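Engineer: Please find one structure pasted underneath; my questions will follow.
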Amino acid sequence: MRVKTLLGLAACAAATAGVLTVPPAQAAQLPCFLSGSGSSASATCYSGASYTWRLVVDCVDTSNARWPKIVSTLRGDYITGDGTETLSCSGSLRADGRIETK
């Protein structure tokens, strides 16, 4: 057998045995703070960088705890740089917020 084949087989065996670990890929991180409480979610971004972002909120019906359902999705305006935005769902829907960039 060739050396490359032997090394490949050894790495495969090590990975299968749980010995070989690979660090997860690092996602780009914005200087933002995302928070939520009940039916509203908010995002604050800071540092003066010229990135463009917006707050997106899924309004979730949790009346059936086993099968929560997204009822609607709210999208804020795009903001370039620093800013704060808050979006609220109607009624007793839970707000699950996230930040989108472009």
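Residue by residue, here is whether (1) more than 17 Å from the chain's Cα centre (by Cα); (2) open to solvent by 30 Å² or more (accessible area, probe 1.4 Å); (3) of a type outside the set (Gly, Ala, Ser) holds:
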| residue | (1), (2), (3) |
| --- | --- |
| Ser50 | yes, yes, no |
| Trp67 | yes, yes, yes |
| Thr80 | yes, yes, yes |
| Thr101 | no, yes, yes |
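Residues are listed down the side, and each one gets a yes or a no for (1) surrounded by 14 or more Cβ atoms within 10 Å (Cβ to Cβ); (2) touching a Phe, Trp or Tyr at 6+ places or on another chain (Cβ under 9 Å); (3) modelled with pLDDT of 95 or more:
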position: Leu34; (1), (2), (3): yes, no, no
position: Asp61; (1), (2), (3): yes, no, yes
position: Asn64; (1), (2), (3): no, no, no
position: Gly83; (1), (2), (3): yes, yes, no
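Engineer: Take the residues in the range 43-89 that are in a loop (DSSP other than H, G, I, E, B) and touching a residue at least 40 places away in the same chain (Cβ under 8 Å), then tell me which one is nearest to Cys32 (Cα to Cα).
Structural biologist: Tyr51
Engineer: Here's a follow-up. Please go through the range 44-67 and pick out each residue that is closer than 10 Å to Thr80 by Cα and charged (D, E, K, R).
Structural biologist: Within the range 44-67, just Arg54 meets the criteria.
Engineer: Related question: Would you check if there is a residue in the range 90-98 being touching a residue at least 24 places away in the same chain (Cβ under 8 Å) and among the polar types (S, T, N, Q)?
Structural biologist: yes
Engineer: If you don't mind, there's one more thing I want to ask. Given the residues Gly97, Gly91, which is the only one that is modelled with pLDDT under 95 and not hydroxyl-bearing (Ser, Thr, Tyr)?
Structural biologist: Going through Gly97, Gly91 in turn, just one is modelled with pLDDT under 95 and not hydroxyl-bearing (Ser, Thr, Tyr): Gly91.
Engineer: Here's another thing I want to ask about it. Here is a check on your reading of the model: is Ala25 at pLDDT below 90 and open to solvent by less than 60 Å² (accessible area, probe 1.4 Å)? Even if it seems obvious, please write down each step before you answer.
Structural biologist: Working: at pLDDT below 90: yes; open to solvent by less than 60 Å² (accessible area, probe 1.4 Å): no.
Taking the combined requirement at face value, the residue does not satisfy it.
The values are calculated or read from the model by the stated rules, or taken from the named source; none is laboratory data. From a predicted model like this one, the values you see are computed outputs, not experimental measurements. All Cβ positions, even for glycine, are placed from backbone atoms using ideal geometry, and neighbour counts span all protein chains on display. When the accessible area is computed, the model is the full protein with side chains, heavy atoms only, and any ligands, DNA or RNA have been set aside. Shrake-Rupley method; radii C 1.70, N 1.55, O 1.52, S 1.80 Å.
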